[in-house]
Structure formats: structure tokens, C-alpha cells
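The structure appears below as C-alpha cells.
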Amino acid sequence: MRSKYLSVIGMKSRFLSVQLSTGILFSTLLTALARDQAARFPLMAWDYAYDKTTLKSMHDCGINMVAFVPPALLDACQKNEIKAIVFDESVAGHDWAVPFNGDAACSNLPALIKKTGRHPAVAGYFLKDELVAGEFPAVAKASAKVKELAPGKWPYVNLFPGEGESYDAYLEQFITTCQPPAVSYDRYVLAEDGSFGPVFWSNLAQVRDAARKHKLPFWNVVLTAPHWHYRELTPVDVRLQIFGSLVYGVSGVSFYRFRSAMPLIHSSPDLGNFRMAPLDQFGEKTPTWDWLRNVNRQVQNMASVLLKLRSDDVYHFGSVPARNHGPTDKTLVKSFAQADWEMVAGDFTHEDGGRWVMIVNKSLKHSYPCNPRFNVPPKGLQYVSPWDGKVRPFPSHNIYNIFWLAPGQGVLLRLQ
């Protein structure tokens, strides 16, 4: 059973993952989450809530959700305005190499939910990371128990990355069997040769398609803690992973991981070559912390718009990755000044019926002027400033290349 999904796993282990933003308008669960967070876009540390000091550092970095929170730290989460996915080994197990035990989870969930279910910081309960298809029935049983005992809370499951028809089948079987309120998966593409794997875009497209088919929001877990053979991040990597997720209409972005250490399920935290996460192995801030805080602030400045958008289409300029397409006569943007500029655009509809487009510079090296040419020229154009969240007129004199996008940077435009 495990070998069937080797192509899905790639260079990723079942032990290691992370995830968080806009998408097909939120389910009841995620609408409530957004409302509880005062219209903040969900940005989750796919990591442990180690202690109060770590939670404070997460909050200051712009994190508003944590994937592994013991009941003892729920008050600290509330103090730091962080939503918690409650983690307890009696439910999730202590050895992730062992198949998920649905009966044990169902036996232990009542006591855990009775203890924590009314706490205002609780957003959900952690069940399983990177499950294989054989575990779907057991996870479905535990998920149903969470829905029964804690209505509106997320029975959190994170999926493998993957590609091809087998991955389409994997996603479909998971959704139809487990009936999740959202789909979460992880994909890490920062290679030591300096490249940014195009499978990042292909995987996003596949998960987006599956989620849209079932009218579900989806979350992407991106890499913020280099390990094994993954390279140390640059500011471009942080921007491109986050804005690259947003342009596909994600409903949340998660970050694997926040601290440079092996997950606590292993007895030796110094294994795995973890380094240069937002916090290093001593709990001190690294440059990655500042880069992540910067982009998280930009996202929150756009959150009042992002949270009201429905993703309609995504298309690429320059190179077009597998499972994606270029502009058509139905897309909002038809071209840029040069055909070889590496850009990706996402068309959205606001809840008020207005049309918006996000444009992201997907180059790792080159800045480009942002001067889109539209299939139907709008009467006016505005943009949401990621600096302060204000909606301003997009410069009409942009023919002189006033507005530029740095590598990995995105901008959100309103068509009038």
C-alpha cells in the first residue's frame, strides 16, 4: 500500500509537513474562524506550540494559528490571538509510522473534547498527517466523531503532495470518504541547485481542481525550515511560496516549520539537518523570521479583500507548468509587454460581484513592470496596497513602468 504512493511522496517523508488562504468562499467552519480572528487571513505555523515564549514569537511574526497545541497551552494561545489545532497523542498516536487507529481516536476524543471544546482558542483537532488511502476509513470515523462532539471544529488532516492521475484518484477518494471541511496538503520545491520546482504550480492546480469540484476551501503548506537537501531560503522564496499560493485562491497558508528542529515525535531534535527556520535551534530569531513577518504583514493588509474573493481561474505567462494553462480570450489579462516575462495571474470575483485579478512575478531573479493588458479594457483600475491595505488608483501612466513587481511579489488589482 505504501509503495503505491511513492510517486506521491517524492523526496518527502510521511513524518514531515506544514500549511494556510482565499478560495472558494469559506465553509461554515472557516467563515467562523475568519470572524473569530477579526477578518485575519489564516497563517498557520505547522509546528508545535513549544512554550509561551515560542507562541509570543509566532504572534509577533504574524502567525495566527498553530497546528500542534497541547491543551495546557490553550490559554497562552488565546493571550497571543492564536487559534489552535489541539494535538493529543491519545488521538493522533505517538508513532506516525503506524497506521491511524480510528477506534482509539474515537474512544479518546470524547474526553479531549470535553476538556477543551469550549475553549475560545480551539479551531480543531489534529488527526493525521500524510495519510495513505488505506487509512481513509479510519480517519473518516474519527472525523465524524469530531463533527458530532465539536460542531464547527476542524478534524484536521494533512495530505501528501503528488502528481498525475494517481494523485487525482487519491484526492477524490480522500474527499468522498472523509468528507473534510477543507483540503490541506504540503509541497516543498526549494532545491539545492537554486531552482524552484515547477511541480509547485502543478500540485497547486490539482488540489485546487479537486477542492473546487467539491466546493471546498484548500490550504497549502510551504517550506520555511530547510532540512535534508532543501536549500536555505531567500526573501524571494518566502514571497513566491506565499503569493504563489494566494494567486490560486487558497484559504490558508501553513509554514513548515517555525523552529529549526526535528518534530517532537522523534527523540533527537538535532536530526534532519534542520536550519534557518524563523527560529533557530536555540530559539533565537533568524533572518527568515523577518522575511516571513514582512510577507505576513502584507497578506493581512490585503485580508479584508482576500477573504471576500472566489477564485475563478489561474493562468501563466512565460513558461506554463503541467496541469496549468496560459491566458485565453476569457481570462481578464491577455498579455504583458513581453511574452517571456514569468508571471502568473489569478482571476477572482468579489462577494459584491466585482472582478479582481492577482498578478505574481514568478521569476527568482528578475523584477518586471506590472503593466497588464486586458482582454476587455477596464474603465478604471485600482490596487490594494500591501503596505497599508488602502485601495488606491493604479497609476494610469504605468506605460512608463512606474509600478514594478520584485521577484516573488504579488499585487491585487480591482477592475472597474
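Taking residue 143 as the residue in question, decide whether it is crowded, with 21+ Cβ neighbours inside 10 Å and farther than 19 Å from residue 48 by Cα.
In short, yes.
So which strands (runs of 3 or more DSSP E) are wholly in the range 75-173 and hold at least 1 residues that are of a type outside the set (A, V, I, L, M) and over 18 Å from residue 216 (Cβ atoms)?
Filter on the range 75-173 gives 83-86, 122-129.
For the range 186-196, state whether one or more residues are in a strand (DSSP E or B) and either among the polar types (S, T, N, Q) or under 11 Å from the mean Cα position of the chain (by Cα) (or both).
Within the range 186-196, one or more residues are in a strand (DSSP E or B) and either among the polar types (S, T, N, Q) or under 11 Å from the mean Cα position of the chain (by Cα) (or both).
Of the conditions (1) outside any loop (DSSP other than H, G, I, E, B); (2) touching a helix residue (DSSP H, G or I) at 6+ places or on another chain (Cβ under 6 Å); (3) among the small types (Gly, Ala, Ser), residue 389 fails just one. Which one is it?
Result: residue 389 passes all but (1).
I'd like the full set of residues that are within 16 Å of residue 77 (Cβ to Cβ), surrounded by fewer than 18 Cβ atoms within 10 Å (Cβ to Cβ) and not charged (D, E, K, R), limited to the range 118-139.
119, 120
With respect to residue 385, is the statement that it is at pLDDT 95 or above, within 21 Å of residue 342 (Cα to Cα), surrounded by 11 or more Cβ atoms within 10 Å (Cβ to Cβ) and hydroxyl-bearing (Ser, Thr, Tyr) true?
no
Can you tell me which residue within the range 257-291, out of those that are among the polar types (S, T, N, Q) and over 20 Å from residue 49 (Cβ atoms), is modelled with the highest pLDDT?
273
If I filter the range 204-241 down to residues being polar (S, T, N, Q) and outside any helix (DSSP H, G or I), which single residue comes out as farthest from residue 365 (Cα to Cα)?
Residue satisfying both the conditions and the ranking: 220.
Considering each residue of the range 161-180, count those that are surrounded by 22 or more Cβ atoms within 10 Å (Cβ to Cβ) and closer than 30 Å to residue 120 by Cα, and give that number.
3
In the same structural domain as residue 256 (by TED's automatic domain parsing), in contact with a helix residue (DSSP H, G or I) (Cβ under 7 Å, 6 or more places away or on another chain) and within 30 Å of residue 324 (Cβ to Cβ): which single residue out of 192, 172, 165, 130 fits that description?
Within the list 192, 172, 165, 130, the selection yields 172.
Has the range 279-286 got any residue that is crowded, with 24+ Cβ neighbours inside 10 Å and either within 23 Å of residue 349 (Cα to Cα) or in contact with a Pro (Cβ under 8 Å, 6 or more places away or on another chain) (or both)?
No, because not a single residue in the range 279-286 is crowded, with 24+ Cβ neighbours inside 10 Å and either within 23 Å of residue 349 (Cα to Cα) or in contact with a Pro (Cβ under 8 Å, 6 or more places away or on another chain) (or both).
Among 299, 253, 295, 236, which is of a type outside the set (Phe, Trp, Tyr), closer than 18 Å to residue 65 by Cα and either out of contact with any strand residue (DSSP E or B) (no Cβ under 7 Å at 6 or more places or on another chain) or surrounded by fewer than 21 Cβ atoms within 10 Å (Cβ to Cβ) (or both)?
It is 295.
Restrict the check to the range 358-381 and report whether at least one residue is over 22 Å from residue 317 (Cβ atoms) and surrounded by 13 or more Cβ atoms within 10 Å (Cβ to Cβ).
No: zero hits.
The values are calculated or read from the model by the stated rules, or taken from the named source; none is laboratory data. If you're wondering where the values come from, they're calculated on a predicted model, not measured in any experiment. Don't worry about glycine lacking a Cβ; one is built from the backbone with ideal geometry, like all the others, and counts go over all protein chains shown.
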